[in-house]
Amino acid sequence: MKYLKISIMALVLLLTMAAVSAHGVDVTADTMVIANETNGQFVKDLADANGINISVYKFTSADEVAHILEHSVNNTNKRILMTAYQDIGNDFVKNHSEMAKRIIVVDDVTNDTVLHGLKDIINAPTGNVESDNGMGFAMPLAMGIVIGLIIGVAGGVLISKKKN
């Protein structure tokens, strides 16, 4: 009987826990260009020559690019122009159609297409988001209070039964 109560308490505790996302922190600019070693300097020079202030990041692997694109799902301020790793960008936009205005993929990297893409990404609509997961401060606080109450009540019941 004792083990049954402990098992039930552990089950309730596990069911009330919120999922934790260990995705990491995005340290890139909200408006950025994903480039590679081949076209990174070209894109930066073109942006500077046209008075467009944008951060250009040179990526070296597809995994890094996919990671940054995943960050953009929850960050509605993130706008990305892709002049490299276009296949990853096109697949991502196909799977996340709501991102089509905030992720622009330039398949043919020329002066005109990149300049057009830079202007489009600067003017792309953004939104405000409360935090990385969109829940703000109140929801995690409320969940913590509920979990604490459940553990406290369960612990109090067990202690009071042992004393009787």
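Worth pointing out:
- Criterion: at pLDDT below 95, out of contact with any helix residue (DSSP H, G or I) (no Cβ under 6 Å at 6 or more places or on another chain) and surrounded by 11 or more Cβ atoms within 10 Å (Cβ to Cβ) - qualifying residue of Ser61, Ser7, Ser55: Ser55
- Extreme residue, modelled with the lowest pLDDT, among residues of segment 120-145 that are outside any loop (DSSP other than H, G, I, E, B) and surrounded by 14 or more Cβ atoms within 10 Å (Cβ to Cβ): Met139
- Yes/no for Met82 being at pLDDT 95 or above, farther than 30 Å from Ile147 by Cβ and in contact with a helix residue (DSSP H, G or I) (Cβ under 7 Å, 6 or more places away or on another chain): yes
The values are calculated or read from the model by the stated rules, or taken from the named source; none is laboratory data. Everything numeric here is computed off the predicted structure, so don't read it as measured data. Quick reminder, even Gly has a Cβ in these numbers, built from the backbone with ideal geometry, and neighbours come from all protein chains shown.
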